[in-house]
Amino acid sequence: MIEDIKIKVSEKLKDHPKRLRHVFGVYETAVKIAEAHHLDVLKVSMAALYHDYAKYDTIEQQVSHLEIKIIKEFMETPVIYHAFAGAIALEHDFGIKDQDVLNAIRYHVWGRKNMSDTEKVIFIADCCEPNREFEDAKKIFQMALVNLDQTVEYCMKIGIDHVIYQKFQPSRDQLEAYEYYMEVNRGEIK
């Protein structure tokens, strides 16, 4: 099935070679992190390959299959729509119903509170795959091999700082997730 998914993603993103390299970089990175933590590599692979599947669809295409509550919830941050649309596409294209896989796609942009390990791996791999050109990418990958929760917090901080640097306001969900993982790493949440 993974080979069929690779073919489908390659066809979809054939006109976006940089994005395709990114997707395969996320896939390879996610598999390495999953193996280090003895996680389900098949689940991680499916989510990694489809995480940006709908990235270049128009907003109209992205929202066409989304529930109205999701559209309204993220109206101020439409960058999220591609993630929800990608999860729907994987379910439709390959009959994947596993919510862990689908949630890893839905929440890869800035994470969320109480993520599963599969979700954490995709969120982290999206941040540190080898084509990422910022200084901390290699450090993040090494951290991820040791501790997923600490790495999630670190990646969330980088994401929030990036949003602020671009003169935008981080979303409430983004800030709540970051606060949650700070509490997890301080031992306040088990």
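Laboratory data are not the source of any read-out in this text; all were calculated from the coordinates shown. Please read all numbers here as calculations on a predicted model, not as lab measurements. Please note: Cβ atoms are built from the backbone with ideal geometry, for glycine as well, and neighbour counts cover all protein chains shown.
Key figures for this structure:
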{"read-out": "HN-Hα J in Hz across region 46-59 - Karplus 6.51, -1.76, 1.60, θ = phi - 60°, x for Gly and Pro", "value": "4, 5, 4, 5, 9, 4, 10, 4, 9, 4, 9, 5, 5, 4"}
{"read-out": "Local electrostatic count, Phe74, Cβ distance below 13 Å [Lys/Arg +1, Asp/Glu -1]", "value": "+1"}
{"read-out": "Relative contact order of region 1-127, pairs being alpha-carbon contacts under 8 Å that are 6 or more residues apart, as %", "value": "26 percent"}
{"read-out": "Neighbour net charge for Gly111 - beta-carbon separation under 13 angstrom, K R +1, D E -1", "value": "-3"}
{"read-out": "Loop-located GluC sites (Glu not before Pro) in region 64-169 whose Cβ has at most 16 other Cβ within 10 Å (DSSP)", "value": "Glu67, Glu76, Glu133, Glu135"}
{"read-out": "Alpha carbon centroid spacing (whole Å) that separates region 14-53 from region 68-112", "value": "16 Å"}
{"read-out": "Note, ³J(HN,Hα) from phi for region 115-121, Karplus 6.51, -1.76, 1.60, rounded to Hz, x at Gly and Pro", "value": "6, 6, 4, 4, 4, 4, 4"}
{"read-out": "Pairwise FRET efficiency - Ile59 versus Glu183, Cβ, R0 = 45 Å, nearest 0.05", "value": "0.85"}
